[in-house]
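Asker: Encoded as structure tokens, here's the structure I'll be asking about.
The values are calculated or read from the model by the stated rules, or taken from the named source; none is laboratory data. Bear in mind the structure is a predicted one, so any value in this text is a computation, not a measurement. Positions of Cβ are backbone-derived with ideal geometry, glycine not excepted, and every protein chain shown enters the neighbour counts. Surface accessibility is based on the protein's heavy atoms, side chains included, excluding ligands, DNA and RNA. Shrake-Rupley method; radii C 1.70, N 1.55, O 1.52, S 1.80 Å.
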Amino acid sequence: MNKHIIRFVALTLALAALTFGAVTTFAADAPPANERAASNVEVTLEQITERILQMENRDRVVALLDRLVDNDRITQGQANQILKAWDDAHPDWKPLIERLTDRILQMENRDRVVALLDRLVDNDRITQGQANQILKAWDDAHPDWKPLIERLTDRILQMENRDRVVALQDRLVDNDRITQGQANQILKAWDDAHPGWTPPVSTG
């Protein structure tokens, strides 16, 4: 009985020694805790950088990096490095206000420009001040543009037949392109510009 107990205790001690030796060996081979932490930070930083480089909007990149710095996920220096890498990978990127200006300058109708800018301001995409700047840039780029009523007046004044003028204006009023009051003003301008006009003599 005592021999079995002694043998069991000896076996237990031997296993304990082997286990301790294995743990000691693993601990000796494993990197120090600070190196493991640094390795984890490095992997996380690489993943963050890879994700951010796939983003298309620099404003959102900056906002994300600010949150990561505030949450101690990365340092400000690392954020600066990631932002520089993003800039290098997106050399043609422009802020929203510049992209909008480029797009709007290509539009041909000032009325539509004003309507678009109003929607952007209402949706808090741009400020009223920015809208005013874009509209001024459009006006500078389109010095000869005239409102619809002026363009119509110029076109109609070149017409030679009053009956056709009236018919055209009726269509424009029916299609809500101009009001009846505007049609009356244009017709008056036409009459003033053609004081000697008489209806053609019917041959029928």
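Asker: Looking for something at pLDDT 90 or above and within 30 Å of Gln130 (Cα to Cα) - is there at least one such residue anywhere in the stretch 28-51?
Answerer: no
Asker: Moving to a separate point now. Among the numbered criteria (1) in a loop (DSSP other than H, G, I, E, B); (2) touching a Ser or Thr at 6+ places or on another chain (Cβ under 6 Å), which one does Glu160 miss?
Answerer: (2)
Asker: Name the helices (runs of 4 or more DSSP H) wholly within the stretch 63-143 that hold at least 1 residues that are in contact with a Pro (Cβ under 6 Å, 6 or more places away or on another chain), open to solvent by less than 70 Å² (accessible area, probe 1.4 Å) and touching a residue at least 40 places away in the same chain (Cβ under 8 Å)?
Answerer: The helices (runs of 4 or more DSSP H) meeting that bar number zero.
Asker: Determine whether the stretch 163-178 contains at least one residue that is farther than 23 Å from Thr198 by Cα, surrounded by fewer than 16 Cβ atoms within 10 Å (Cβ to Cβ), without any contact (Cβ under 8 Å) to a residue 12 or more places away in the chain and within 18 Å of the chain's Cα centre (by Cα).
Answerer: no
Asker: Every residue in the stretch 179-195 that is over 20 Å from Asp111 (Cβ atoms) and either open to solvent by less than 80 Å² (accessible area, probe 1.4 Å) or outside any helix (DSSP H, G or I) (or both), please.
Answerer: Matches in the stretch 179-195: Leu187, Ala189, Trp190, Asp191, Ala193, His194, Pro195.
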